[in-house]
Structures are given as C-alpha cells and as structure tokens.
Amino acid sequence: MGAWDTGHFDNDTAADFSGTLDDTAPEERAALLRETLAEAAAVAADDYLDSDVACTALAAAALVASHCPGGTPVTTAYGPQQPLPPLADLRPLAFAAVERVLAEESELAELWDETELSADWRAAVTALRTTLLPV
C-alpha cells in the first residue's frame, strides 16, 4: 500500500498528490481538489473504490478540513508546500468523499483492516469526518 504511517499524507499516493498540487497553477488548485474529492464521492456504494483514489481523496479532505473550524493544520513534510485558496465551499464534497472511503467496497479500508494499525487509521479518518460534518 506504500504507507509508512496512518496519517492522511503518510503514503506514496498522497505524497505524490501533494507534489502535483504544488505544481498546479495557483488558480487551478481548488479545481484539482474538487475533482479529486468528486472522483471518490461519485463511486457508487456497490462499486469498488480503488485505494489510490481513496488516498488522494483523504489527502484532499484533510486540506479542506484544515480550513474548517476545529480543523488540524497540515504540517507534514509530505503535504503541499504551496499556499491554497479558501476551501470552505468544498466541505460537503470532502465529507462525502470521506464517507465513501469508510464505506463497504473500499480497497483502502480493506487494506488497513488487514493491519495491526487498523484502529488507528480508522480513528484518524473518523476524526477527519467529524471535522467535515456539515454545519
């Protein structure tokens, strides 16, 4: 799975996504985050959600959550280094993407459930979900 810890950016796919986000023109970063979240959120509950799609969705959701009240700033070296635009309007989409990652037929959830760190990963994703709860 290419993960070295349970954080939202602690895997190869999310770290690569951060690099892509940094390389994206500043005025296009919000659109990239929207597309990333929408890709995961649009996967039907009975279809299989690929782990790479889930990893990038969680990273994008963590960035949105960092702009929400009570959100945790993204300070990891594996997160994007370039400034982001305001992301508050992406909150409902980020919530939907996280819900989909936690749902059945999620490869990433299945992979984590096969490890001894499953509870830690689920706690981190659940905390992210709670921050993104619609107000």
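Every number here is computed from the coordinates shown, using simple stated rules; none is lab data. A quick note: this is a predicted structure, and the numbers were derived from the prediction, not measured. All Cβ positions, even for glycine, are placed from backbone atoms using ideal geometry, and neighbour counts span all protein chains on display.
On full extension of the chain, what length is gained from GLU114 through GLU28, given 0.36 nm per residue of separation minus the C-alpha to C-alpha distance?
Difference between extended and current length: 27.3 nm.
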Folded to 0 to 90 degrees: helix 91-102 orientation relative to the chain principal axis, Cα: 20 degrees
D_trans [Stokes-Einstein, Kirkwood Rh over alpha-carbon pairs] for segment 5-49, 20 °C, 1.002 mPa s, µm² s⁻¹: 179 µm²/s
Between segment 63-135 and segment 12-29, the Cα center-to-center distance that results, in Å: 16 Å
Karplus (6.51, -1.76, 1.60) ³J(HN,Hα), θ = phi - 60°, over segment 67-73, in Hz, Gly and Pro reported as x: 9, 9, x, x, x, 8, x
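I'd like the Kirkwood hydrodynamic radius of the chain, using the inverse of the mean 1/r over distinct C-alpha pairs, in Å.
Here the Kirkwood hydrodynamic radius works out to 14.5 Å.
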Max mean-square fluctuation residue, GNM over the chain, Cα-Cα springs under 10 Å, options GLU110, GLU99, GLU27: GLU27
Highest-fluctuation residue, VAL101, VAL53, VAL43 considered, GNM on the chain with Cα pairs under 10 Å: VAL43
Cα-centre dipole for segment 12-132 with unit charges at Cβ (Lys and Arg positive, Asp and Glu negative), debye to 20: 760 debye
FRET efficiency for GLU99 and GLU35, using Cβ-Cβ distance with R0 set to 25 Å, rounded to 0.05: 0.90
Estimated vicinal HN-Hα couplings, Hz - segment 24-31 in sequence order (Karplus 6.51, -1.76, 1.60; Gly, Pro = x): 7, 4, x, 6, 10, 5, 4, 5
Size-normalised alpha-carbon gyration radius of segment 93-135, reference 2.2 N^0.38 Å: 1.15
Modelled label reach - THR75, point 7 Å along Cα→Cβ, segment 29-60 residues with backbone N closer than 19 Å: none
